[in-house]
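The values are calculated or read from the model by the stated rules, or taken from the named source; none is laboratory data. Predicted model, so just to flag it, every value in this text is computed and none were measured. All Cβ positions, even for glycine, are placed from backbone atoms using ideal geometry, and neighbour counts span all protein chains on display. When the accessible area is computed, the model is the full protein with side chains, heavy atoms only, and any ligands, DNA or RNA have been set aside. Shrake-Rupley method; radii C 1.70, N 1.55, O 1.52, S 1.80 Å.
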Amino acid sequence: MKIPRIAAIAAAAVLTGAAAPADRTAVFAGGCFWSVEHDLESLTGVKDVVVGYAGGARRNPTYENHEGHLEAVRVTYDPAKITYGQLVDGFLHRIDPTDAGGQICDRGPSYRTAVFVASPDERAAAEAAKVRAASQLRKPVATRILPAATFWKAEAYHQDFARKNPINYNAYRIGCGRDARLKAVWAGR
């Protein structure tokens, strides 16, 4: 009988007295936080995605005053189902990592892309993912790797926007041309 990987890990933890790996978090900036939230929720092992702001100096930023911050997401994930490196790979494949000026139709500093790292291991995994993406795309990757920063949760109306407002979200996504652009960037890779 084949035991699913997570069940095998849990069984080993019980038998050895070891605790199962605790959920972890990662923070990414990938342009419109609605789209990054929507796209990362589909990855196996991702338990929750919250939209917000990171990387700036202002305390308690809001959508109206988040200058200096990037639109970002905080991802809670199960490291027994997806590694940090796999999560970074998944993130990079859901954005245009070669675009230094924003993402698709969202332009400007708050829409630039970044991976916020909290440890040397995370930095090494993010750097390796960036090298893999550059090799696959045969272009330099503009996505920055930055030290972990305070993550400020965005207003309630931004959370789960695609699920709560599918008509408005899909009109934005189609109008922006996100799917066509990502298909063109990652075609055949």
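Among the residues of region 70-109, those that are among the aromatic types (Phe, Trp, Tyr) and surrounded by 24 or more Cβ atoms within 10 Å (Cβ to Cβ) comprise 77, 91. Screening the candidates 134, 118 for the property of being farther than 26 Å from residue 57 by Cα and either at pLDDT 95 or above or not aromatic (Phe, Trp, Tyr) (or both) yields one hit, 134. Among the conditions (1) open to solvent by 10 Å² or more (accessible area, probe 1.4 Å); (2) small (Gly, Ala, Ser); (3) assigned to a helix (DSSP H, G or I), residue 35 misses just one, which is (1). Quickly run through region 131-162 and pick out the residues that are in contact (Cβ under 8 Å) with a residue 40 or more places away in the chain and assigned to a helix (DSSP H, G or I). If the condition is that a residue be in contact (Cβ under 8 Å) with a residue 40 or more places away in the chain and assigned to a helix (DSSP H, G or I), then 132, 133, 136, 137, 158, 161, 162 are the ones that fit. Are there any pairs with C-beta distances below 7 angstrom linking a residue in region 79-92 that is within 16 Å of residue 144 (Cα to Cα) to a residue that is aromatic (Phe, Trp, Tyr) and buried (at least 17 other Cβ atoms within 10 Å of the Cβ), with the two at least 6 apart or on different chains, and if so which? Going by the 7 Å Cβ cut-off, the qualifying pairs are 87/77; 91/28.
Does residue 59 meet the test of being charged (D, E, K, R), open to solvent by 10 Å² or more (accessible area, probe 1.4 Å) and over 12 Å from residue 29 (Cβ atoms)?
Here the answer is yes, as residue 59 does meet what is asked.
Here residue 124 passes the criteria (1) over 19 Å from residue 31 (Cα atoms); (2) surrounded by fewer than 13 Cβ atoms within 10 Å (Cβ to Cβ) except the one numbered (2). The residues of region 163-185 that are among the aliphatic types (A, V, I, L, M) and either in a loop (DSSP other than H, G, I, E, B) or more than 20 Å from residue 92 (Cβ to Cβ) (or both), listed by number, are 167, 171, 174.
Quick check: anything in region 112-120 open to solvent by 40 Å² or more (accessible area, probe 1.4 Å) and over 21 Å from residue 24 (Cα atoms)? Checking region 112-120: at least one residue is open to solvent by 40 Å² or more (accessible area, probe 1.4 Å) and over 21 Å from residue 24 (Cα atoms).
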